[in-house]
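Before we start, here is the structure in question, set down as structure tokens.
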Amino acid sequence: MTKLIVATLAGLVAGLSAAPEAPAPRAADRVAVVVDGSGPGAEPRIAAARADARERHAALRITRTLHDQLSVTSLLAAERYTTIVGYGLEESVAIAPLHGAVTYVDAG
């Protein structure tokens, strides 16, 4: 009986003194490029955004209205994208309502 108690206590001490598990590695950042495809200068802006998205291996979304900008960025935040790179976006409309849910990079 004494041997059982000693073995149990030794196992308990060994278990409690073991190093805690390392935290799980962070999931890769999900990046999306969102571009305003309306108005003057839209074609070069879209081309630049396409090239950037290709280089970053990121999702590309092209918006045409302010409502689209808010809808797209909100959906990306809900889908757990961590970074949005914006081309010609109205920050006050498309990004501010997200209250810091994503990192925003203004690319022009």
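The values are calculated or read from the model by the stated rules, or taken from the named source; none is laboratory data. Here the structure is a predicted model, which is why all the values come from computation and not from measurement. Neighbour counts run over all protein chains shown; Cβ positions are idealised from the backbone, glycine included. For the accessible areas, the whole protein counts, side chains as well, though only heavy atoms, and no ligand, DNA or RNA atoms are used. Shrake-Rupley method; radii C 1.70, N 1.55, O 1.52, S 1.80 Å.
Just to check your reading of the model, which residue among LEU16, LEU12, LEU4, LEU75 is of a type in the set (A, V, I, L, M, F, W, C) and modelled with pLDDT of 95 or more?
LEU75
Can you give me the number of residues within region 61-98 that are open to solvent by 50 Å² or more (accessible area, probe 1.4 Å) and under 14 Å from the mean Cα position of the chain (by Cα)?
So the answer is 4.
Oh, and also: Is there any pair linking a residue in region 67-84 that is within 18 Å of ASP106 (Cβ to Cβ) to one that is open to solvent by less than 50 Å² (accessible area, probe 1.4 Å) and hydroxyl-bearing (Ser, Thr, Tyr), with Cβ under 7 Å and at least six apart or on different chains, and which?
Close Cβ pairs satisfying both conditions: GLN69/THR63; VAL72/THR63; ILE84/THR73; ILE84/TYR104.
Residue by residue through region 64-104, note down the ones that are farther than 11 Å from VAL33 by Cα and hydroxyl-bearing (Ser, Thr, Tyr).
Result: THR65, SER71, SER74, THR82, SER92, THR103.
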